[in-house]
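**Q** My questions will all concern the structure given below.
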Amino acid sequence: MNTEFTIIILAFNEEQHLPRLLESIKELNTQICILDSGSTDRTLEIASSYGATVKYNKFENHPKQWDFALKNFIVKTPWTIGLDSDHIVLPELLEILKHFKDSNTPADVNGIFFNRKNYFKGRWLKHGGYFPKYLMKMFRTSVGFSDLNENMDHRFVAKGKNIVWDKGYLKEENLKENRISFWIEKHNRYSDQMAKEEVERKKQLRNQTIQPKFFGNPDQRSAFLKKIWWGMPLFVRPFIYFFHRYFIQLGFLDGKEGLIFHFLQALWFRFVVDVKIFEIENEEKQKNALNI
């Protein structure tokens, strides 16, 4: 049994995805923990067949689900890896992990970024700012934590030095999203959470956990860009963002699949969020006017 790291996975009705992920990490021979949120398909049966430890927690949002997982699974290895069920560990990353040793890792390194390849409708999205895309997925146990200052854009935080595995490729492909009605329904729910979060940020009820820094690590750069985004005018910013991703960052080179994805994710979704922010703020103004 691998004693260097433990892999934790979030799952909900993932019989379509979970076998791919578990097969991709089988050679690592490490402890696997799966946090389920009430699956009614074969997810639990599949998890059991791979010898995974399974716990249940009612889902509220991804950051809180990960917070529960990190606090409730007993992890005895020095490192923890957090993955979603629609991830696949590609051969390059598998080889790095097979040879990973805590004793060979500098003591001041607390977090490691993997390089994600995102697929939509069977196509790898190489443009539009979607590759390379660095995600912190590996961190020292009890040092890394889930950022609860976010409702939607889940991330792990490991304070101290972080490094990037540029060729540590993680494939992300949600096959359910090949049906566009599923994608729209899912992101309509997500837009509720994102709008609520942004309104709370305007009221200074939320602060960024990660220090915004343009030339910092990938998450610090993301925090810097988000700070700019939150200061831009509603209804204008989705069009600017789509133009930047689709034309400046060459999203049009991702073909028909790229057009669908970048349009929906960069423009439609962001515009819906802005509409919901507008609605929340108007409702609050009306309530305040009635209370005067």
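The values are calculated or read from the model by the stated rules, or taken from the named source; none is laboratory data. Keep in mind it's a predicted model, so treat the numbers as computed, not measured. Here the Cβ positions follow ideal geometry from the backbone for every residue, glycine too, while neighbour counts run over all protein chains shown. All accessible areas refer to the heavy atoms of the entire protein, side chains included, with ligands and DNA or RNA removed. Shrake-Rupley method; radii C 1.70, N 1.55, O 1.52, S 1.80 Å.
**Q** Which residues in the stretch 1-22 place their backbone N less than 20 Å from a point set 7 Å from the Cα of LYS71 along the Cα-to-Cβ direction?
**A** Hits in the stretch 1-22 for LYS71 at 20 Å: 8-11.
**Q** Based on the Cβ-Cβ distance from ILE240 to MET1, what FRET efficiency comes out when R0 is 41 Å, to the nearest 0.05?
**A** 0.20
**Q** Here's another thing I want to ask about it. Tell me the volume per residue, in Å³, of the convex hull enclosing the alpha carbons of the stretch 1-66.
**A** Looking at the stretch 1-66, the number lands at 83 Å³ per residue.
**Q** Could I ask something else about it? Kindly list the residues of the stretch 56-79 that lie in the label zone of THR141, defined by a backbone N under 16 Å from the point 7 Å along the Cα-to-C-beta vector.
**A** Within reach of a label on THR141, which here means backbone N under 16 Å from a point 7 Å along Cα→Cβ, the stretch 56-79 contributes 69-79.
**Q** Here is a further query. With equal scatterers on the alpha carbons only and no solvent term, can you work out the Debye log10 of I(q)/I(0) for the chain at 0.10 1/Å?
**A** Log-scaled intensity ratios, in q order: -0.58.
**Q** Okay, next question. For the stretch 103-120, what does the Karplus curve 6.51 cos²θ - 1.76 cosθ + 1.60, with θ = phi - 60°, yield as ³J(HN,Hα) per residue in whole Hz, taken in order and with x for Gly and Pro?
**A** Calculated HN-Hα couplings, in order: 5, 9, 9, x, 4, 8, 8, 10, x, 10, 8, 9, 9, 8, 10, 9, 10, 9 Hz.
**Q** Might you tell me the accessible area per residue for the chain, computed with a 1.4 Å probe and given in Å²?
**A** Each residue of the chain exposes 51 Å² on average to a 1.4 Å probe.
**Q** Specify the inter-centroid distance of the stretch 194-224 and the stretch 72-98, based on alpha-carbon positions, in whole Å.
**A** Taking the Cα centre of each part, the stretch 194-224 and the stretch 72-98 sit 26 Å apart.
**Q** Give the relative contact order (percent, whole number) for the chain; include only Cα pairs under 8 Å separated by 6+ residues.
**A** Normalised by residue count, the contact order of the chain is 17 percent.
**Q** Follow-up question, since we're still on this one. Suppose we look only past 27 Å in the calculated P(r) of the stretch 48-189. What percent of the Cα-Cα pairs does that tail hold?
**A** Looking at the stretch 48-189, the distances longer than 27 Å represent 25 percent of pairs.
**Q** Taking 4 °C and 1.567 mPa s as the conditions, I'd like the Stokes-Einstein D for the stretch 86-170 in µm²/s, using the Kirkwood hydrodynamic radius from alpha carbon pairs.
**A** 92
**Q** Could you tell me, in Å, what Rg and Dmax come out for the Cα atoms of the stretch 243-290?
**A** For the stretch 243-290, the Cα-based Rg and Dmax read 16.3, 52 Å.
**Q** Report ³J(HN,Hα) in whole Hz for each residue of the stretch 197-207, in order, from the Karplus equation J = 6.51 cos²θ - 1.76 cosθ + 1.60 where θ = phi - 60°; Gly and Pro get x.
**A** Once rounded to whole Hz, the list reads 4, 5, 4, 5, 5, 4, 8, 6, 8, 10, 10.
**Q** Follow-up. Past the 30 Å Cα-Cα mark, which pairs from LYS171/LYS256; LYS55/LYS137; LYS137/LYS285?
**A** LYS137/LYS285
**Q** Averaging over every viewing direction, what projected area does the convex hull of the Cα atoms of the stretch 1-125 cover, in nm²?
**A** Across all orientations, the stretch 1-125 yields a mean hull projection of 8.4 nm².
**Q** Considering only DSSP states other than H, G, I, E and B, which chymotrypsin sites (Phe, Trp or Tyr not before Pro) in the stretch 172-226 qualify as loop sites with at most 12 other Cβ atoms within 10 Å?
**A** PHE214, PHE215
**Q** How much length is gained if the chain between ASN178 and GLN16 is pulled fully straight, taking 0.36 nm per residue apart and subtracting their Cα-Cα distance, in nm to one decimal?
**A** Details: separation 162, 0.36 × 162 = 58.32 nm, distance 1.26 nm.
Gain on stretching ASN178 to GLN16: 57.1 nm.
**Q** Continuing with the same structure: Efficiency by 1/(1 + (r/R0)^6): what FRET value for GLU284 and ASP153, r their Cβ-Cβ distance, R0 = 30 Å, to the nearest 0.05?
**A** The value I calculate is 0.80.
**Q** Got the relative contact order for the stretch 205-246 handy, in percent, Cα pairs under 8 Å and 6 or more residues apart? Display every interim value, and only then the final one.
**A** Values: 25 pairs, mean separation 10.0, N = 42.
Once divided by the residue count of the stretch 205-246, the mean separation gives 24 percent.
**Q** Out of all Cα-Cα pairs in the stretch 132-205, roughly what percent, to the nearest whole number, are more than 22 Å apart?
**A** 46
**Q** Give me the log10 of I(q) over I(0) for the stretch 69-120 at q = 0.24, 0.28 Å⁻¹, as the Debye formula computes it from C-alpha points; what are the numbers?
**A** -1.24, -1.35
**Q** Now for a separate question. Quick check: pseudo-label points 7 Å beyond the Cα along Cα→Cβ at THR105 and LYS227, how many nm apart are they?
**A** 2.9
**Q** Over the stretch 161-292, how many percent of alpha carbon pairs lie in each 5 Å bin up to the one with the longest distance?
**A** Cα pair-distance distribution for the stretch 161-292, in percent: 2, 8, 13, 17, 20, 18, 12, 5, 2, 1, 1, 0.
**Q** Please report, as a whole percent, how much of the solvent-accessible surface of the chain comes from carbon and sulfur atoms (probe radius 1.4 Å).
**A** 55
**Q** So, in Å, what gap is there between the alpha-carbon centers of the stretch 120-187 and the stretch 268-289?
**A** 28
**Q** Moving on to the next point. Report, in debye and to the nearest 20, how large the dipole of the stretch 1-135 comes out about its Cα centre when Lys and Arg carry +1 and Asp and Glu carry -1 on their Cβ. Each step should come with its number before you reach the end.
**A** Details: 16 positive and 16 negative charges, 65 e Å.
For this selection, approximately 320 debye.
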